[in-house]
Structure formats: structure tokens, C-alpha cells
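Enquirer: My structure is below; once you've seen it, I'll send some questions.
The values are calculated or read from the model by the stated rules, or taken from the named source; none is laboratory data. Because the structure is a prediction, the values reported are computed rather than measured. Neighbour counts run over all protein chains shown; Cβ positions are idealised from the backbone, glycine included. What goes into the accessible areas is simple: the full protein's heavy atoms, side chains included, and nothing from ligands, DNA or RNA. Shrake-Rupley method; radii C 1.70, N 1.55, O 1.52, S 1.80 Å.
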Amino acid sequence: MTRQTTTAGGRNAVEVRGLVKHFGEVRAVDGVDLDVREGTVLGVLGPNGAGKTTLVRCLSTLLVPDAGTATVAGFDVVRQPRALRRTIGLTGQYASVDEKLSGRENLYMIGRLLDLSRKDARRRADEMLERFSLTDAATRPAAKYSGGMRRRLDLAASMIGRPSVLYLDEPTTGLDPRTRNEVWGEVRLMVSEGATVLLTTQYMEEAEQLAGELTVIDRGKVIAEGGVKELKTKVGGRTLRIRPALATDLDRMAGAIAQAEVLGVGTPTADHADGVVNVPLTTDEQLTAVVSLLTRREFALAEINTHLPSLDEVFLALTGQKTSDAAGPAGPSDADVPDEAPERQEVPA
């Protein structure tokens, strides 16, 4: 696949070519190519252990790749790590705030480490506390925050330096639906203000809500990429679902469509449990032809709709694994790195 450094939507904020990172014989990242356009959200999907977190750690200078190149915000991740760290933010899978410090002290400390003046660090800390609805808890030790409050504080910390590129590594793991929605709202606001976001997630709803483009990684390799609708079409295309007025017509209707080979549709199937006939489609013309055929055969139709595979179905078809939505609200952790590396990266080395 030939990739360009610019696209119709603007320049790429992140460009990755042939990135490799291995731990012994395990190639956690195995020749990944990746582009993220400025001011957009790229969703990186993959089962647990696919290499998502290792990729993020390489791009945020927490790990040094073994091969390949990566440029973020115009900086080479290997040759210019100090400059790069001043332009990026990172929120890992688990909140990494200092529990002994208050929310305000956490944010102030990070601001100072990013070379903000005392006045600017205090002002910026108060701005972020208000933005993330943490002002009332500003003086409370982070150890007394709820899980959702810690996650919001962690996000606020990653934004203190107004990063142009933000990495969100499974940012809503373990959050309740209300807090998750609040986090999604903040991500949308960041993007509206010009930030570029690389989001790793196993939540399909999260990917559909936030990401304009998706990249699916499995066993360290990119196995699919494109927009949400594009990936759904690649995996299964559309299915025409027809509900006859009479349930006894299901088999006759499926048989009539199957016999009309001129339509060129896939093999129709009668789903007696749902009371519909499913017809795989590849074109709009086929939909019209099927409906016309059934009308001519005088079948009474109660309902007609088309169905694209869900992202869960896409994920399962591509990787052979279910998403974390089926594993419970918290979802599994991404354990693709043998040894844990520190997740906070805003502090210049």
C-alpha cells in the first residue's frame, strides 16, 4: 500500500512506517504502518495482546522501537524525543496520578514540570479542574477520588501542556456509562479545538462514537483499516431483511429469490426465529430487483430494511475474538508488554 504524507483532509500528524518492537522472540509490533490526519481521531482496535499499548508507548517515547520510523507532530520519535514530549499527551489504561497530592497539586506539578511559570501553572490547573468538573474536589487528595474522578484528573493532566497530539490508551476502561459519556464529550471537545487523537480501545461503541478512521491490529500487524462503514462493507456488505406479512411465506419467499438467479444476490436464508428472510446484497439495484420480484409474485410484505454488520461482528470476523463488551464492563487489560513501563510522559527527560 502506497501512503502519502498529505491527504484531502490535511497533513498527517502521525506517520508510522514499518515499526517493529520485540521482546525476546515475541514481536509485539510487527511492521506497522499508520497515518493519523491532523485534527482527527484514529481508532486502533485489536484483541488483548494485539500490540496496541506497545505501539502507543513507542510513539510516546516510553519504548524505543527496534526497526522502522515514526514521526509525530513533525518530530522523529527516536532522534527527537525531548522535543516530541513537549507536544504530546498520554492517558494510559489506568489513572497515574499522585494519590498523596490534591487534584490541584497534581495539575500544578505537571504544569511546572512542563516549564510553565508558577502563575501560568496555577491558572492552567484551575482551568482544567473546572473543565473536568473537579473544582469542588480540587483540594482533596487524589486517593479519595472515585475511579471516574481519577480518570478525569488523568485526562486533565495529559492536557495541561495543550498537546497537539494526544494518545488515549483504552481511556474508559472500568468507567460507568455516565462517566464514559463525559470522557467522550471531552475527547470531542479536544478535537474541535484542533487536537489529534490516537485512541486504542476494545469498546466498539467507543470507536463508532469517536473515531473517523479505524485501524485493526492483531498479533502486532495491521489487518484492516478504513472508515467504520468501509470496514463493515469489507467484512459482510449489506443484508436485506424482509419480513413477510405471513410467517408461512418465509420458505417460499426465500425459494423464489434463490430461483431468480438473474438478480445476482447472495444465497437467501429464512430465519424462522426472527421471522425474516435475509438476502446478501452488493448493489442498490439488487435491492430494487428483489422487492420488484416479490411484488410481482404477490407476496405481502410487512417490513423491509437493510443491515450492515456491527463493529463487534467486524472485530470478530477479522480477529476471531470477541470484543471486551462481552467480557464485562471493565474489559480485559492490554497485556502486550511483558514489563510495565511508566505511563505518564509529559515530563521531559
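Enquirer: Would you point out the residue of region 271-288, among those that are under 32 Å from the mean Cα position of the chain (by Cα) and part of a strand (DSSP E or B), that is surrounded by the most Cβ atoms within 10 Å (Cβ to Cβ)?
Expert: Of everything passing the filter in region 271-288, VAL279 is surrounded by the most Cβ atoms within 10 Å (Cβ to Cβ).
Enquirer: Are any of the residues in region 126-133 in contact (Cβ under 8 Å) with a residue 60 or more places away in the chain and surrounded by 15 or more Cβ atoms within 10 Å (Cβ to Cβ)?
Expert: No: zero hits.
Enquirer: Same structure again: Which of the residues that make up region 87-114 are in contact (Cβ under 8 Å) with a residue 40 or more places away in the chain and either over 24 Å from the mean Cα position of the chain (by Cα) or at positive phi (or both)?
Expert: ASP98, GLU99, LYS100, LEU101, SER102, GLY103, ASN106, LEU107, ILE110, GLY111, LEU113, LEU114
Enquirer: Suppose the filter is closer than 30 Å to ILE88 by Cα, among the small types (Gly, Ala, Ser), open to solvent by less than 20 Å² (accessible area, probe 1.4 Å) and modelled with pLDDT under 90; does GLY212 pass it? If you could, list the steps in order and put the result at the bottom.
Expert: On the way: closer than 30 Å to ILE88 by Cα: yes; among the small types (Gly, Ala, Ser): yes; open to solvent by less than 20 Å² (accessible area, probe 1.4 Å): no; modelled with pLDDT under 90: yes.
Here the answer is no, as GLY212 does not meet what is asked.
Enquirer: To continue, here is another question. For ARG219, state whether it is open to solvent by 30 Å² or more (accessible area, probe 1.4 Å) and closer than 25 Å to THR282 by Cβ.
Expert: Judged against the criteria, ARG219 is not a match.
Enquirer: Shifting gears a bit: Does LEU155 fit the bill of being within 16 Å of LEU107 (Cβ to Cβ), open to solvent by less than 10 Å² (accessible area, probe 1.4 Å) and either among the hydroxyl-bearing types (Ser, Thr, Tyr) or in contact (Cβ under 8 Å) with a residue 12 or more places away in the chain (or both)?
Expert: yes
Enquirer: Considering only region 289-304, how many residues are open to solvent by 30 Å² or more (accessible area, probe 1.4 Å) and not in a helix (DSSP H, G or I)?
Expert: Of the residues in that region, 7 qualify.
Enquirer: Out of all the residues in region 57-71, which are outside any loop (DSSP other than H, G, I, E, B) and closer than 14 Å to THR200 by Cβ?
Expert: Across region 57-71, the qualifying residues are ARG57, CYS58, LEU59.
Enquirer: May I pose another question? Got a sec? Which of ILE217, ILE160 is of a type in the set (Val, Ile, Thr) and farther than 25 Å from ARG82 by Cα?
Expert: Of ILE217, ILE160, the one residue that is of a type in the set (Val, Ile, Thr) and farther than 25 Å from ARG82 by Cα is ILE217.
Enquirer: Turning to a different aspect of this structure: Return the total of residues in region 193-202 being out of contact with any Phe, Trp or Tyr (no Cβ under 6 Å at 6 or more places or on another chain) and buried (at least 23 other Cβ atoms within 10 Å of the Cβ).
Expert: Total satisfying the criteria: 6.
Enquirer: Given the structure, is GLU105 outside any helix (DSSP H, G or I) and out of contact with any Gly (no Cβ under 6 Å at 6 or more places or on another chain)?
Expert: In short, no.
Enquirer: Tell me yes or no: at least one residue of region 21-35 is part of a loop (DSSP other than H, G, I, E, B) and within 21 Å of GLU193 (Cα to Cα).
Expert: no
Enquirer: Say whether the condition of being of a type in the set (Asp, Glu), out of contact with any Phe, Trp or Tyr (no Cβ under 9 Å at 6 or more places or on another chain) and assigned to a loop (DSSP other than H, G, I, E, B) is met by at least one residue in region 75-89.
Expert: Within region 75-89, the subset of a type in the set (Asp, Glu) is 76.
Filter once more, keeping what is out of contact with any Phe, Trp or Tyr (no Cβ under 9 Å at 6 or more places or on another chain): 76.
Next cut, assigned to a loop (DSSP other than H, G, I, E, B) only: none.
The answer is no, given that none of the residues of region 75-89 is of a type in the set (Asp, Glu), out of contact with any Phe, Trp or Tyr (no Cβ under 9 Å at 6 or more places or on another chain) and assigned to a loop (DSSP other than H, G, I, E, B).
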